[in-house]
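Step one of this worksheet: look at the structure below.
The values are calculated or read from the model by the stated rules, or taken from the named source; none is laboratory data. Just so you know, these numbers come straight off a predicted model, no measurement behind them. As a convention, Cβ positions derive from the backbone with ideal geometry for all residues, glycine included, and neighbour counts pool all protein chains shown.
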Amino acid sequence: MEEQLTGNVLVAQSGGPTAVINSSLAGIITEALNHDCIEEIYGALNGVEGILNEEFVDLAEESQQTVRGLRYTPAAALGTCRYKLKSEEDYARVIEVFKAHNIRFFFYIGGNDSQDTANKIADHAAAQGYEMRVIGVAKTIDNDLPVTDHCPGYGSVVKYLCTTIRELALDHEAMGNHDLVSIVEVMGRNAGHIALNTGVACGATAILVPEIEFNIEDVIKKIKTARENGKEQFIVIVAEGVGHTEEIAKKIYEETGIESRATILGHVQRGGSPTVRDRVVASEMGYYAVELLEKGIGNRVVGMKDGKIYDVDIQEALSMKKPFDKRLYDIANEISF
Ligand code: F6P
């Protein structure tokens with residue numbers, strides 16, 4: 001445990017927004033107001049870009065009603081960015097701005113890239129002898145952060161997809177005898193967690209993920225066999241990391257003769273209404289992140305393990321690997337027919 005610091009908080013959001021990223025922000029603001037070591041609570045607009053440009057808002061000045069509202073508001077209230085700090089000048093500027101505003105506690109809510117940025121900021125501050133605590137708060141719909149079993153935002157996307165794909169299926173069913181293959185591309189960047197879980201939940205005939213090599217002929221065979229057994233509507237889920245969704249649809253049509261339509265779902269996936277679990281976990285992570293400061297703990301990432309919120313050293317978190325759930329993938333293959 002390190003010595004307690006006194007100073008100001010800066011919080012920022014980074015990467016793609018989610019349905020619950022603001023719940024973590026609300027958790028941080030609410031809990032930060034309770035600590036004597038914290039004087040001011042600032043929010044940087046649009047992630048690290050707001051730090052470089054010194055664009056801060058005073059979050060302690062926001063009304064209780066606004067902060068309460070954040071707990072239920074999707075998207076990123078502070079704005080977000082994809083910008084990565086590139087040069088030594090960038091990092092020097094960040095530390096200069098931190099010093100100018102006496103920022104001693106920095107919370108970065110984001111995914112893998114954001115945790116990497118948080119780690120580098122902590123290193124640069126230490127190298128300059130500037131004492132501060134940096135805490136990363138896990139967030140991404142992709143659920144590919146090794147530090148956390150469940151990433152807030154992810155479940156909400158899968159919920160949205162299940163509802164949407166069910167509605168798509170209803171449209172198909174309404175067409176009577178009209179056979180159709182729906183090839184649906186879902187987000188997830190280079191990870192197939194969203195695709196796998198959505199596919200299982202929707203009863204997809206095939207699920208294509210970047211983690212597992214697939215043969216399109218096997219997918220076609222599955223569809224043909226299911227067709228012979230009387231099935232008329234088919235869902236094929238394609239993770240965006242696999243891509244080529246239009247080509248896959250064309251190939252399926254050519255080989256099966258069944259009308260095949262590609263649907264590529266984009267940003268609509270991220271802004272929907274959240275699951276209870278996502279909202280609760282996101283709120284708790286924000287709260288927990290500030291509690292660490294009370295204990296004088298810094299340079300950690302807050303995640304979830306075995307159903308409990310916990311924290312890990314940022315560098316250790318960055319070196320972890322998240323396994324793909326091969327068992328669930330195998331089960332999906334067994335139960336889809
Ligand atoms: O990381 C979240 C995510 O939604 C990914 O699933 C997707 O690949 C990416 O962001 C899309 O990013 P952008 O909105 O910047 O195109």
- request: Of all residues in segment 274-295, count the ones that are assigned to a helix (DSSP H, G or I), more than 16 Å from the ligand (Cβ to nearest atom) and over 19 Å from LEU10 (Cβ atoms).
  value: 7
- prompt: Looking at (1) assigned to a helix (DSSP H, G or I); (2) among the aliphatic types (A, V, I, L, M); (3) under 16 Å from THR148 (Cβ atoms), which is the only condition VAL268 fails?
  reply: (3)
query: Taking into account only those residues within segment 11-28 that are under 16 Å from VAL281 (Cα atoms) and of a type in the set (A, V, I, L, M, F, W, C), which is surrounded by the fewest Cβ atoms within 10 Å (Cβ to Cβ)?
result: ALA26
statement: Of (1) among the β-branched types (Val, Ile, Thr); (2) away from the ligand (no atom under 16 Å from the Cβ); (3) more than 23 Å from GLY271 (Cα to Cα), VAL147 satisfies every one except (2)
message: Could you go through segment 265-273 and let me know if any residue there is more than 15 Å from the ligand (Cβ to nearest atom) and modelled with pLDDT of 95 or more.
response: no
- line: Among the residues of segment 163-201, the number that are part of a helix (DSSP H, G or I) and more than 19 Å from PHE324 (Cα to Cα) is 12
- prompt: Scanning for something buried (at least 19 other Cβ atoms within 10 Å of the Cβ), touching a strand residue (DSSP E or B) at 6+ places or on another chain (Cβ under 6 Å) and not charged (D, E, K, R), does segment 267-280 turn up at least one residue?
  reply: no
Segment 43-80, residues that are touching an Asp or Glu at 6+ places or on another chain (Cβ under 9 Å) and surrounded by fewer than 22 Cβ atoms within 10 Å (Cβ to Cβ): LEU45, ASN46, GLU49, LEU52, GLU55, ASP58, ALA60, GLY79
field: Residues (of a type outside the set (S, T, N, Q), without any contact (Cβ under 8 Å) to a residue 40 or more places away in the chain, farther than 25 Å from THR275 by Cβ and in a helix (DSSP H, G or I)) located in segment 43-82
entry: GLU49, GLY50, ALA60, GLU61
Hits in segment 202-234 - residues which are touching a Gly at 6+ places or on another chain (Cβ under 7 Å) and either small (Gly, Ala, Ser) or assigned to a strand (DSSP E or B) (or both): ILE207
message: For segment 298-337, give me each residue that is among the polar types (S, T, N, Q) and crowded, with 18+ Cβ neighbours inside 10 Å.
response: ASN299, SER336
query: Across segment 182-219, which residue is farthest from the ligand (Cβ to nearest atom) among those that are surrounded by fewer than 18 Cβ atoms within 10 Å (Cβ to Cβ) and β-branched (Val, Ile, Thr)?
result: ILE216
- prompt: Applying the selection to segment 150-167, what residues are within 16 Å of the ligand (Cβ to nearest atom) and either under 17 Å from HIS193 (Cα atoms) or touching a helix residue (DSSP H, G or I) at 6+ places or on another chain (Cβ under 6 Å) (or both)?
  reply: HIS150, CYS151, PRO152, GLY153, TYR154, GLY155, SER156, VAL157, VAL158, LYS159, TYR160, LEU161
query: Has segment 99-117 got any residue that is in a helix (DSSP H, G or I), away from the ligand (no atom under 16 Å from the Cβ) and over 17 Å from VAL301 (Cβ atoms)?
result: yes
